[in-house]
Amino acid sequence: MTSSARPLVVACGALASELRAVLGQLGADVEVRYLPAHLHNRPERIVPELTAALADPDDERPVLVAYADCGTGGALDRWLADRPNARRLPGAHCYELFAGSALFHALHDAEPGTFYLTDFLAKHFDALVWQGLGLDRHPELLATYFAHYRRVVLVSQRDDATVVTAARAAAARLGLEFEHQAVGLGPFTEAVAIGLAGRRRVDQAVVE
């Protein structure tokens with residue numbers, strides 16, 4: 001590979017549908033590689049997986065890492081510091097990517113005890129949340145895991161009633177209030193466009 005080849009995007013598999021739509025909208029001529037969506041629950045594996053995906057020392061193309069910090073606690077930014085040709089998307093996690101920083105922080109300030117869902121997470125709630133947290137085997141842990149949560153907020157990317165229904169059912173299953181924010185793809189499109197243009201690398205604190 002050479003620096004003249006198409007830019008590379010290495011992305012979270014949980015963003016696949018939205019990223020395809022945005023890249024098509026932007027007319028971006030890039031190569032895309034997806035990492036497993038289950039890394040959403042294993043943030044400590046994100047940097048090792050990226051290291052393996054970008055192991056070719058001769059590949060000097062610009063790289064957009066289509067992750068926010070995503071629970072790495074700054075490890076992703078430290079990894080990127082040694083890779084001047086690579087940058088990540090802004091923000092703490094995919095919820096902020098989709099909602100945009102202003103709306104996300106307003107939601108967080110209004111109720112810190114919020115559990116967020118995207119379209120992907122709502123559709124795959126059983127596999128990624130219920131089973132991912134072991135609640136299918138140990139339902140008694142529900143009260144422990146969600147003791148400090150008060151509501152579920154769906155930040156939806158598409159107008160899809162089945163997603164809203166799934167998210168509402170997830171909130172009921174968790175015993176939490178439900179709120180829906182239809183955010184579309186605008187904030188995510190802007191973040192990807194900025195990342196592809198290489199105008200900045202965002203280095204933001206993680207929102208707890």
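Under the condition of being of a type in the set (A, V, I, L, M, F, W, C) and in contact (Cβ under 8 Å) with a residue 40 or more places away in the chain, which residue from the stretch 17-43 is farthest from R158 (Cα to Cα)?
If we take residues in the stretch 17-43 being of a type in the set (A, V, I, L, M, F, W, C) and in contact (Cβ under 8 Å) with a residue 40 or more places away in the chain, then V30 is farthest from R158 (Cα to Cα).
Given R33, R45, R61, R6, which one is at pLDDT 95 or above and either in contact with a strand residue (DSSP E or B) (Cβ under 7 Å, 6 or more places away or on another chain) or within 23 Å of I194 (Cβ to Cβ) (or both)? Spell out the reasoning first.
On the way: R45 fails: either in contact with a strand residue (DSSP E or B) (Cβ under 7 Å, 6 or more places away or on another chain) or within 23 Å of I194 (Cβ to Cβ) (or both); R61 fails: at pLDDT 95 or above; R6 fails: at pLDDT 95 or above.
Only one candidate qualifies: R33.
Just for the stretch 172-199: of the residues that are hydrophobic (A, V, I, L, M, F, W, C), in contact (Cβ under 8 Å) with a residue 40 or more places away in the chain and in contact with a Leu (Cβ under 9 Å, 6 or more places away or on another chain), which one is farthest from L117 (Cα to Cα)?
For the stretch 172-199, the residue satisfying everything is L196.
Before we move on, is E179 over 30 Å from V63 (Cβ atoms) and not aromatic (F, W, Y)? Walk me through how you get there before you give the answer.
Details: over 30 Å from V63 (Cβ atoms): yes; not aromatic (F, W, Y): yes.
In short, yes.
Going residue by residue through the stretch 82-95, is there one that turns out to be within 23 Å of R20 (Cβ to Cβ), among the aromatic types (F, W, Y) and in a helix (DSSP H, G or I)?
Taking every residue of the stretch 82-95 in turn, at least one turns out to be within 23 Å of R20 (Cβ to Cβ), among the aromatic types (F, W, Y) and in a helix (DSSP H, G or I).
Would you confirm, using the coordinates I've provided, whether T162 is hydroxyl-bearing (S, T, Y), surrounded by 14 or more Cβ atoms within 10 Å (Cβ to Cβ), modelled with pLDDT of 95 or more and closer than 18 Å to A21 by Cβ?
Values: hydroxyl-bearing (S, T, Y): yes; surrounded by 14 or more Cβ atoms within 10 Å (Cβ to Cβ): no; modelled with pLDDT of 95 or more: yes; closer than 18 Å to A21 by Cβ: yes.
No, not satisfied.
Identify all residues within the stretch 77-105 that are in contact with a Leu (Cβ under 8 Å, 6 or more places away or on another chain) and within 16 Å of V47 (Cα to Cα); write none if there are none.
Scanning the stretch 77-105 gives W79, R83, A86, R87, R88, L89.
Restricting to the stretch 172-195, and then to whatever is aliphatic (A, V, I, L, M) and within 20 Å of the chain's Cα centre (by Cα), can you tell me which residue is surrounded by the fewest Cβ atoms within 10 Å (Cβ to Cβ)?
Of everything passing the filter in the stretch 172-195, A182 is surrounded by the fewest Cβ atoms within 10 Å (Cβ to Cβ).
The values are calculated or read from the model by the stated rules, or taken from the named source; none is laboratory data. Because the structure is predicted, anything quoted here is derived from the model rather than measured. Please note: Cβ atoms are built from the backbone with ideal geometry, for glycine as well, and neighbour counts cover all protein chains shown.
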